[in-house]
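These notes concern the structure reproduced below.
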Amino acid sequence: MRRFNLAVLAAVTLSTGLAAAPAQAYGSYAGQRPLGIDNCTATACHFDVPPGTYDVKVLLGGEAASSTGVSGETRRGLLSETAVPAGERVARSFTVDVRTPEGEPTGPEGTPGLDLLVGGSAPALAGVEVTPAARHTRQIFIVGDSTVCDQPGDPYSGWGQQLPQYLRKGLSVANHADSGESTVSYLGDSRLWATVQPRIRPGDLVLIQLAHNDKTTDEATYRTNLEALVAGVRQKGGEPVLVTPVVRRWFNADGTLNNNTALLVNGLGVDHPAVIRSLAATHDVPLIDLTAKTKALVESLGVEASKALYLYNEKRDNTHTSVHGATVYAGLVREELVAQHLVPRGLVRVG
């Protein structure tokens, strides 16, 4: 598992507790000794827990003014950088999905257990507590491609990788997006949809964004595949949410993105966002039009400023997002989840 380069903490006091309750979904660690300070270093903690869903409470702050962020597992943003005045303490809580493989479903298994990394411009972690999440805790499952997935290495990041930092305790993200997948391959690979669908429980959301790799998929097949995913979610009592793809940063001479490359129209003339919008209307599925939102944002920033959202400067890549871009795009998804009442406002972190 790739880790961030983190600033060294001058002094950290860590207190770790573990409730004797069953871990959700994949097993129990009841009977094991409580996790303690031996599981932590100055910049990271490792908790030897089985796959499941866990609530994490961190206590931030120290004698000096501090600014601390928390990431974990495969480079997931779990808590955005939080400033705390000198001499004060602030508690923040979030819920984490621990799974194997811990990142992309077709990628390496990663490190067993739960890993947290402490960063920020002036990090100060005063305490941490990990407990199994309640059995009724909702999850947001994500089905998608490389623009969404938990990317294993810098400088790449998918928007699903940064979405957890916008959520509070009681709502976790299970990001099963995978690089290179189309609707055809996602349905066909046993490590993907056949693994995700059985884990969906009533009340869970399933965000579906697949288009970037359906370059040779005809419209009828593309529509049928999306319908199969929607039906599969509903069969398990979950709520499907269709998400149109993020735009490619491909400008016209007039500064607009009104071209097939930017707007995900494939070589067969299939307008992926248009098909998704039509299917959402036909089957009464909530729609997050991320194509429209990212198009408006990229065009408003212009040719130069929009480079920071993507990996143009690092890789001449106008498709995949930087950590900054993925975080901004995850924020757009967060806004829609609240605006459409798909998640309670109280479970969403606004800043």
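The values are calculated or read from the model by the stated rules, or taken from the named source; none is laboratory data. Keep in mind that what you see is a predicted model, and the values were worked out from it rather than measured. As a convention, Cβ positions derive from the backbone with ideal geometry for all residues, glycine included, and neighbour counts pool all protein chains shown.
Got a sec? Which strands (runs of 3 or more DSSP E) wholly within segment 53-155 have at least 3 residues that are closer than 19 Å to Asn39 by Cβ and of a type in the set (A, V, I, L, M)?
Numbers: elements: 66-72, 76-84, 90-98, 114-122, 125-132, 138-144.
Because the criterion is at least 3 residues that are closer than 19 Å to Asn39 by Cβ and of a type in the set (A, V, I, L, M), the strands (runs of 3 or more DSSP E) in segment 53-155 that meet it are 114-122, 125-132.
Kindly list the number of the only condition in (1) crowded, with 22+ Cβ neighbours inside 10 Å; (2) over 19 Å from Val348 (Cβ atoms); (3) of a type in the set (A, V, I, L, M, F, W, C); (4) at pLDDT 95 or above that fails for Ile142.
Exception for Ile142: condition (2).
Among the residues of segment 264-280, is there at least one that is of a type in the set (A, V, I, L, M, F, W, C), within 26 Å of Val206 (Cβ to Cβ) and loosely packed, with under 15 Cβ neighbours inside 10 Å? I'd like the intermediate steps shown before the answer.
Going residue by residue through segment 264-280, those that are of a type in the set (A, V, I, L, M, F, W, C) are 264-265, 268, 270, 274-276, 279-280.
Still in the running and within 26 Å of Val206 (Cβ to Cβ): 264-265, 270, 274-276, 279-280.
If we keep only those that are loosely packed, with under 15 Cβ neighbours inside 10 Å as well, we get none.
The answer is no; no qualifying residue exists.
Looking at this structure, is Lys295 surrounded by fewer than 16 Cβ atoms within 10 Å (Cβ to Cβ) and either basic (Lys, Arg) or in the same structural domain as Leu242 (by TED's automatic domain parsing) (or both)?
Answer is no for this residue.
In segment 138-153, which residues are in contact with a helix residue (DSSP H, G or I) (Cβ under 8 Å, 6 or more places away or on another chain) and farther than 18 Å from Gly52 by Cα?
Answer for segment 138-153, where residues must be in contact with a helix residue (DSSP H, G or I) (Cβ under 8 Å, 6 or more places away or on another chain) and farther than 18 Å from Gly52 by Cα: Val143, Gly144, Thr147, Val148, Cys149, Gln151.
For Gly188, are the conditions met, namely being surrounded by fewer than 22 Cβ atoms within 10 Å (Cβ to Cβ), modelled with pLDDT of 95 or more and more than 26 Å from Leu257 (Cα to Cα)?
So Gly188 fits the description; yes.
Just one of (1) within 16 Å of Val98 (Cα to Cα); (2) at pLDDT 95 or above trips up Arg135, so point out which.
Answer for Arg135: the failing condition is (2).
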